[in-house]
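Written out below as structure tokens is the structure these notes cover.
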Amino acid sequence: MTETQFLIRPDGTRIAYCASPARTAGRQPGVLFCGGFRSDMTGSKALALEAAARQRGAGFVRFDYFGHGQSDGNFLDGSIGRWKDDTLVVLREVCGDGPQILVGSSMGGWLATLAALALPEKVAGLVLIAPALDFTEDLMWAGMSEAQRATLLRDGILREPSQYSDQPYEYTLKLITEGRDHCILNAGIAFDKPVRILQGMQDPDVPYQHAVKTIEAFRGNDTRLTLLKDGDHRLSRPQDIDLLIETVWSLTP
């Protein structure tokens with residue numbers, strides 16, 4: 001496992017990252033892994049991709065957003081815009097000079113897409129795993145009951161049980177309202193490089209219909225959606241990770 005390093009943001013907060021330098025510079029794109037909501041850079045998909053990149057001699061970077069993992073900050077102070085900026089800073093300052101394949105899991109799929117739109121010259125393609133583009137509006141807000149919305153509007157925060165942790169999920173009103181500034185599905189996504197989406201059909205968090213809506217929003221022709229009938233949200237089974245690695249390297253020369 002590579003050593004954790006820190007990138008200092010202008011406000012003084014530190015963004016933790018791990019970078020494996022390319023041994024075959026110029027021959028293939030590097031890979032930047034963007035994790036999900038409340039996850040960190042030590043997940044099984046990130047580590048498996050790092051090991052695969054090392055074997056191929058490709059550069060690889062994984063990192064923690066503000067308020068996640070080893071990075072500074074209170075998670076509840078984060079927002080889509082803040083985490084997008086973290087992604088862009090890492091893409092600019094940590095990744096190599098050549099183009100990168102951005103791999104985004106869940107919320108990371110949204111952030112990877114936003115980064116690709118902001119810096120298209122730095123991106124060779126997108127591989128999105130259960131991508132949760134616009135999730136604050138289309139999945140969170142749209143899925144809340146009137147009582148939940150009332151609580152969020154009154155208290156500025158909503159706490160809900162999590163199936164992945166003993167600690168509840170906490171959603172702030174800021175996350176919802178600020179997220180609206182970054183929604184992109186309804187307007188369409190002008191990105192003309194390869195896009196690959198891997199989506200489980202047994203995903204309780206990001207329904208596969210959302211992946212269909214996502215692939216339809218991309219205007220480029222080189223877009224493919226792979227549906228896994230028995231796949232869940234994490235897609236972390238050995239066969240899922242094998243498919244992920246195969247998909248990422250299919251975008252290399």
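The values are calculated or read from the model by the stated rules, or taken from the named source; none is laboratory data. As the structure is a prediction and not an experimental result, all values here were calculated from the model. Heads up, the Cβs are rebuilt from the backbone with ideal geometry, glycines too, and the neighbour counts pull from every protein chain shown.
So the values come out like this:
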{"quantity": "Tally, over the range 79-110, of residues that are more than 30 Å from Gly156 (Cβ to Cβ), touching a Lys or Arg at 6+ places or on another chain (Cβ under 9 Å) and part of a helix (DSSP H, G or I)", "calculated": "2"}
{"quantity": "Residues (acidic (Asp, Glu), under 12 Å from the mean Cα position of the chain (by Cα) and either assigned to a helix (DSSP H, G or I) or surrounded by 21 or more Cβ atoms within 10 Å (Cβ to Cβ) (or both)) located in the range 35-57", "calculated": "none"}
{"quantity": "Which listed residue is charged (D, E, K, R) and modelled with pLDDT under 95, from Arg62, Arg38, Arg82", "calculated": "Arg38"}
{"quantity": "Residue list for the range 212-253, filter: hydroxyl-bearing (Ser, Thr, Tyr), crowded, with 19+ Cβ neighbours inside 10 Å and part of a strand (DSSP E or B)", "calculated": "Thr223"}
{"quantity": "So Ala132, is it touching a Gly at 6+ places or on another chain (Cβ under 7 Å), among the hydrophobic types (A, V, I, L, M, F, W, C) and in contact (Cβ under 8 Å) with a residue 12 or more places away in the chain", "calculated": "yes"}
{"quantity": "Boolean, Glu93 is under 20 Å from Ala16 (Cα atoms) and either touching a Pro at 6+ places or on another chain (Cβ under 7 Å) or among the acidic types (Asp, Glu) (or both)", "calculated": "yes"}
